[in-house]
Amino acid sequence: MLEELSIKDFAIIESENIEFQKGFTVLSGETGAGKSILIGALSFLLGGKAEISQIRTGCQEASVSGTFYIDNKEAEAWLSEHGIEAEDSRIILRRYLRDNGKSGAYIGSAPVTRADLADFSSFLVDIHGQHAHQSLMKVSEHRKFLDSRAGLLDEVASFTELYSKLVEKRKLLDSLNTSSFERERKIEMLNFAVNEISEARLEKDEDEKLEEEEARLSSYEKLYGTVESIKTYMDGSDASILSLLKKLKKDASSASSYDKSLSSLESRLESAFYELSDINDEFVSYSEKLVYDPVHLSEIQERLSLIYNLKKKYASSVSAPLNEVFEYFDKAKAELEKLGAGAEGKEELEKQVKELEKQVYLNAKKISERRKAVSQTLSREIQEILSKLGMGGARFEVSLKEKSGNDIEQKCGPYGMDDIEFMISANPGNPLLPLSKIASGGELSRVMLAIKTIFANNDPVGTLVFDEIDTGIGGEIAVEVGQHMKKLAQKRQIFCITHLASIAVYADNQIKISKAVQNGLTVSSVLPVSGEERVREIARMLSGESMSQAALEHAKAMLEKYSR
């Protein structure tokens, strides 16, 4: 459920902070006042398209944030998988866009990609109409709608597990069915690789350590000369650093005996002398241990050459991390175990595959039969509702086609043997076409309203937004639409943009969007209306700005009758 929406410098909205309630909320206002812009801001927040033109004129950044109450398991699971915690079952989404093209998005305090934002928000809100945040347009969702109506979701999930097991067994059988020559050749190649890597006795990050040691030994002369130079500067002559510091320390001691205020400087000189003396001792110790060992250098270079050749064979490149060689080693051993199953394993595997094929086919057939039975009921239910919503001539059909192919693996997919798609003919005489080809946003919204009415008990999405749903309707049909909205809002939070008072009066809440010119710029404002203000807004929707007393009385009567 959307509880609060904050919009700043988005299109013609300067700054708005809107609190929302449960139930059915209508967004009304004159044409061009910014109703669709409000939905556009919400769509932007949910991961919709971002364009520089969305930034308010004269501003550098547009931003939208929203607070959502999480009340479905899918959204909770998504947050858990991504390590994001909701607070008191609430999460804040935030997204911004700057005039230099830079944008960013957050779920809670975690920065996320636009794709992640859209993925997560799909569990929270569905927008239907002229915007693209529409699950109904995805053919893959049609199967879920049908399976939900048929009570098949758990059964299909079990089928998917069974099908995955069959695919895995088939792949293994295919590898065992490779020609004897090819199989033996592969075993020989993998054995060689495993033995070669094993005999090398590699250690983790060994290449990096050897390269460091090789660099040190290869630069022995320069390193030795530099260390000797440091020792000379430090304590190698009467003019060395330590000799001078020793004299300075003595002079400072003498000076501080005459003036005690100099004692702190004497102490600092003394500390510097001892610190540098200690550094010099360490350089001397390092110099004594610094030995050029050409034999050891040769051993290191040979070892690095061996590692280079192993990377060349078993890693993505010679500069790849040594870990890739270890990964190849593990994969090669695992594949050897599979190939080593031999003829005995192959015979047993063939039996398992045949048994799984039988189970998959029988289960897919059973699921398909239930889908076919329910698809007819679902088609009839949706068509009946559409006829009440001003689409009396429309035909709706759930299309089920058996997957093409000649064997079980080809005929079945992970969700069964059916290709499922919703088809519609919006006008009498027109052929049935895929729902995604429908032309009118209003028609699409009414189809979704019909579907959501039927699926209200099963659909996890808690907030539905309907835009353009009143296109081409009026009178009794608009009343039917309002009634359906109110019914659906008993279990969902519903938002609807409408110009029709006969829909608006059914709402539990109403928000008026208006616009005005301030400092030469058009600004849109958002204001919840109730009481007399709502009566006046309904009257305006009935008769325009020049509302009469009759219109006001009519508006009041409609609200008293339908808004309870």
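What FRET efficiency comes out for Asn519 versus Ser425 if R0 is 56 angstrom and r is the Cβ-Cβ distance? Round to the nearest 0.05.
0.60
Once you have the Kirkwood Rh of segment 348-413 from its Cα pairs, apply Stokes-Einstein at 25 °C and 0.890 mPa s and quote D in µm²/s.
Translational D for this selection: 171 µm²/s.
Let me cross-check Thr522: its accessible surface, 1.4 Å probe, with only protein heavy atoms counted, in Å² to the nearest 10?
60
Would you mind telling me the antiparallel percentage of the DSSP bridges in the chain, rounded to 5?
So the antiparallel bridges in the chain amount to around 75 percent.
In Å², what does the accessible area per residue of segment 22-109 work out to with a 1.4 Å probe?
Accessible area per residue, segment 22-109: 48 Å².
For segment 354-413, what is the accessible area per residue in Å², given a 1.4 Å probe and the full set of protein chains?
Here the per-residue accessible area is 56 Å².
Roughly how far apart, in whole Å, are the Cα centres of segment 471-537 and segment 1-35?
Cα centroid of segment 471-537 versus Cα centroid of segment 1-35: 11 Å apart.
Once Lys and Arg get +1 and Asp and Glu get -1 on their Cβ, which of Ser256, Ser53, Gln352 lies farthest toward the positive end of the dipole of the chain?
Positive-end residue among those listed: Ser53.
Can you give the net charge of the other residues whose Cβ lies under 11 Å from the Cβ of Asp205, counting K and R as +1 and D and E as -1?
The answer is -4.
If exposed means no more than 15 neighbouring beta carbons inside 10 Å and the site is in a DSSP loop, what's the longest run of the chain without any exposed GluC sites (Glu not before Pro)?
204-544
In segment 491-511, which residues have a backbone nitrogen under 20 Å from the label point lying 7 Å from Glu19's Cα in the Cα-to-Cβ direction?
Residues passing the 20 Å test: 493-495, 508-511.
Would you please give the FRET efficiency between Leu244 and Glu208, computed as 1/(1 + (r/R0)^6) with r the Cβ-Cβ distance and R0 = 45 Å, to the nearest 0.05?
Once rounded, the FRET efficiency stands at 0.60.
Report ³J(HN,Hα) in whole Hz for each residue of segment 506-513, in order, from the Karplus equation J = 6.51 cos²θ - 1.76 cosθ + 1.60 where θ = phi - 60°; Gly and Pro get x.
Listing the rounded values in order: 7, 6, 6, 9, 9, 10, 9, 10 Hz.
To the nearest 500 deg cm²/dmol, what mean residue ellipticity at 222 nm is calculated for the chain from DSSP H runs of n ≥ 4 alone, each contributing -39,500 (n - 2.57), summed and divided by the residues?
Result for the chain: -18000 deg cm²/dmol, rounded to the nearest 500.
Tell me, what % of the accessible area of the chain is carbon and sulfur with a 1.4 angstrom probe?
Of the solvent-accessible surface of the chain, carbon and sulfur hold 48 percent.
Would you work out the charge dipole size for segment 412-546 about its Cα centre, treating the Cβ of every Lys and Arg as +1 and the Cβ of every Asp and Glu as -1, and quote it to the nearest 20 debye?
340
Please compute the length gained on full extension between Arg170 and Cys59, using 0.36 nm multiplied by the number of residues separating them and subtracting their Cα-Cα distance.
Length gained between Arg170 and Cys59: 34.0 nm.
Could you tell me whether segment 115-259 comes out rounded, prolate or oblate from its Cα gyration tensor? Rule is a ≥ b ≥ c as square roots of the eigenvalues, rounded for a/c under 1.5, then prolate if a/b exceeds b/c, otherwise oblate.
Taking the square roots of the gyration eigenvalues as a ≥ b ≥ c, segment 115-259 is oblate.
Label-point separation (nm) for Ala320 and Asp88, each offset 7 Å from Cα along Cα-to-Cβ?
Spacing of the two 7 Å Cα→Cβ label points: 5.2 nm.
What residues from segment 510-540 fall in the zone where the backbone N is under 20 Å from a label point 7 Å along the Cα-to-C-beta line of Glu553?
Answer for this model: 532-540.
Please give the charge dipole size of the chain, origin at the Cα centre, charges +1 on K and R Cβ atoms and -1 on D and E Cβ atoms. Round to the nearest 20 debye.
2700
What does the extension gain come out to for Gln483 and Asp281, with contour length at 0.36 nm per residue minus their alpha carbon separation?
Taking 0.36 nm per residue and subtracting the Cα distance, the gain is 63.6 nm.
I need the calculated FRET efficiency for the pair Lys366 and Lys73, taking r as the beta carbon distance and R₀ as 35 Å, to the nearest 0.05.
0.85
Averaging sequence separations of C-alpha pairs under 8 Å and six or more residues apart, then dividing by the length of the chain, give the relative contact order as a whole percent.
21
Accessible surface of Asp330 in the full protein assembly, 1.4 angstrom probe, to the nearest 10 Å²?
Answer for Asp330: close to 90 Å² accessible.
For Tyr274, Tyr220, write out the residues from largest to smallest accessible area, computed with a 1.4 angstrom probe and no ligands counted.
Order by accessible area, largest first: Tyr274, Tyr220.
What is the chain by shape, rounded, prolate or oblate, if you read a ≥ b ≥ c off the alpha carbon gyration tensor as root eigenvalues and call it rounded for a/c under 1.5, prolate for a/b larger than b/c, and oblate otherwise?
Cα axes put the chain in the oblate bin.
Which shape class, rounded, prolate or oblate, goes with segment 457-564 when its Cα gyration tensor gives a ≥ b ≥ c as root eigenvalues, a/c under 1.5 marks rounded, and past that a/b bigger than b/c marks prolate?
Oblate shape, in that a/c is at least 1.5 and b/c is the bigger or equal ratio.
Considering the zone a paramagnetic label at Ser219 would reach in this model (a point 7 Å from Cα along the Cα-to-Cβ line), which residues of segment 278-317 have amide N under 19 Å from it?
Label zone hits: 283-284, 286-294, 297-298, 300-301.
The values are calculated or read from the model by the stated rules, or taken from the named source; none is laboratory data. All values reported here derive from a predicted model rather than from experimental measurement. Note that we place each Cβ from the backbone using ideal geometry, even for glycine, and neighbour counts take in every protein chain shown. With ligands, DNA and RNA removed, areas are computed over all heavy atoms of the protein, side chains included. Shrake-Rupley method; radii C 1.70, N 1.55, O 1.52, S 1.80 Å.
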